[in-house]
Amino acid sequence: MFSHIMIGTNNMDAARRFYDATIGALGGRPAIDNNGRLMYMHNGGLFLVTTPINGDPACGANGGTIGFAAESPEQADAWHAAGLAAGGTAIEDAPGVREASFGKLYLAYLRDPCGNKLCAMHRMS
C-alpha cells in the first residue's frame, strides 16, 4: 500500500543517531545520505528523514503514529532500548502485550528527538 514514509526533523545529527540505533535494532543498516536526507531501506520498506523543504520547523503529527515491524517481543524491546539510549522518550504504557480485536500485539512506543510518535509492533501468534 505504501511506497515510503518521510518525516521531518530539526536536527539531522540527532535524527541519524536515533534512527541508526532503532532501525539497527530491527536488523536494518545505517542511513544512506540521499541529497541531504537520511534514507533507510529494510525488509522492502523505505523510510526517509529530512529537514522541511519549506523552511518551517518540523513537528510531530498530532494523532499520528509510525509503526515498525518487529520479528519478536525481544526485538521490540531492543528497538525501545536503543531508542531511549539514542535520545528518544518512552511514551504510552511500558512495552508489552496488548489485546486487540484481531489478536494479541506486542507494542513498544517512543517519541523521536523531534517528537514523532513511533511504535515497534510484533503480532503474537
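Some observations on this one:
- The solvent-accessible area of Lys104, taken with every protein chain present and a 1.4 Å probe, is close to 100 Å².
- Rounded to the nearest 20 debye, dipole of the range 1-60 from Cβ charges on Lys, Arg, Asp, Glu: 120 debye
- Heavy-atom accessible area per residue - the chain, 1.4 Å, Å²: 57 Å²
- Mean residue ellipticity, 222 nm, helices only, the chain: the sum of -39500 (n - 2.57) across DSSP H runs of n ≥ 4, divided by residue count and rounded to 500, is -7000 deg cm²/dmol.
- Heavy atoms of Thr51 accessible to a 1.4 Å probe, total area in Å² rounded to 10: 70 Å²
- Percent carbon-and-sulfur accessible area, the chain, ignoring ligands, DNA and RNA, probe 1.4 Å: 52 percent
- Placing Arg123, Arg111 in order of accessible area, with the largest value first and a 1.4 Å probe, yields Arg123, Arg111.
- Area of Asp56 that stays accessible when all protein chains are in place (1.4 Å probe, Å², to 10): 90 Å²
- Cα-Cα P(r), the chain, percent of pairs per 10 Å interval: 13, 46, 33, 7, 0
- Listed residues Val97, Val49 arranged by accessible area, highest first, probe 1.4 Å: Val97, Val49
The values are calculated or read from the model by the stated rules, or taken from the named source; none is laboratory data. Keep in mind that what you see is a predicted model, and the values were worked out from it rather than measured. For neighbour counting, all protein chains shown are included, and Cβ atoms are generated from backbone atoms with ideal geometry for every residue, glycine included. The area values use the complete protein model at the heavy-atom level, side chains included, leaving out ligands, DNA and RNA. Shrake-Rupley method; radii C 1.70, N 1.55, O 1.52, S 1.80 Å.
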